[in-house]
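The values are calculated or read from the model by the stated rules, or taken from the named source; none is laboratory data. None of the values given here were measured: they were computed from a predicted structure. Glycine also receives a Cβ, built like all others from the backbone with ideal geometry; neighbour counts cover every protein chain displayed. Remember, those area values only see protein heavy atoms, side chains included, never the ligands or the DNA or RNA. Shrake-Rupley method; radii C 1.70, N 1.55, O 1.52, S 1.80 Å.
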Amino acid sequence: MNHTDFFNRLWNDYILITPQAESIHALFEGQGETVINDHVAFRTFSDSPIALEQLQQVIEGLGYEAYGQFNFAAKKLTARCFRHSNDPQAPKIFISELRRHELSAPAQQLIERLVQQIPAAITLEPALFWKGRLWETPSRADYETLLAESEYAAWLAVIGLKVNHFTVSI
């Protein structure tokens, strides 16, 4: 799969769960704007089969290279940016991971139960980025426990590995 096909598949998956994004895109174009996809963002858990290091391999296979690393201490996140090595117009990719070992023991236990459901031998391929949850849907109580500590953890527990957002430039 090339990066153009990858982004087309991501966009098609994204508008299934956020149909208003397609309407907004159409509104911009209707005003004569050229909509440029600046970057997409993904969320994941550290110390898992889909941790940042594992996902980086997939992104590099699409022709991307890392160009920046960030530490968001308050949110307990590590993140990396990627740009395409041969296509400067290609959207950038931003992947962040929750450093789950920095959360409270109850939150760590909840996330560990989720992560344990990810197949250890999961195939690292572009399709991972639209698979969503690789674990059972958490209970409302588990969601609320995570939400009280980290919106990021709660969102990821419910949505899974999908595009968190598309950022456009007009």
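Observations
- For percent of Cα pairs over 22 Å apart, calculated from these coordinates, the label among (1) 42; (2) 45; (3) 52: (2)
- Residue 144/residue 17 FRET efficiency (R0 25 Å; Cβ-Cβ; nearest 0.05): 0.70
- Percent carbon-and-sulfur accessible area, the stretch 1-64, ignoring ligands, DNA and RNA, probe 1.4 Å: 50
- Percent of alpha-carbon pairs separated by more than 20 Å within the stretch 32-124: 44
- Within the chain: Cβ-based charge dipole about Cα centre, in debye rounded to nearest 20 (Lys, Arg +1; Asp, Glu -1): 260
- Over all distinct Cα-Cα pairs of the stretch 1-55, the Kirkwood formula returns a hydrodynamic radius of 13.4 Å.
- Euclidean distance of C-alpha centroids, the stretch 101-146 and the stretch 17-87, integer Å: 20
- For residue 92, the lysines whose Cα comes closer than 16 Å to its Cα, not counting residues fewer than 8 places off in the same chain, are 162.
- The largest accessible area among 101, 84, 25 belongs to the first residue in 101, 25, 84, and the rest follow in falling order (1.4 Å probe, all chains).
- Annotation: per residue accessible area for the chain equals 52 Å², rounded to a whole number [probe 1.4 Å, protein chains only].
- Whether the stretch 102-170 is rounded, prolate or oblate, judged on the alpha carbon gyration tensor where a/c under 1.5 counts as rounded: oblate
- Here r is the Cβ-Cβ distance between residue 31 and residue 120 and R0 is 35 Å; the resulting FRET efficiency, rounded to 0.05, is 0.10.
- Ranking of 140, 83 by solvent-accessible surface, largest first: 140, 83 (1.4 Å probe, protein heavy atoms only, all chains present).
- With R₀ set to 45 Å, the beta-carbon distance separating residue 109 from residue 85 gives a calculated FRET efficiency near 0.65.
- Antiparallel DSSP beta bridges within the chain, as percent of all bridges there, nearest 5: 75
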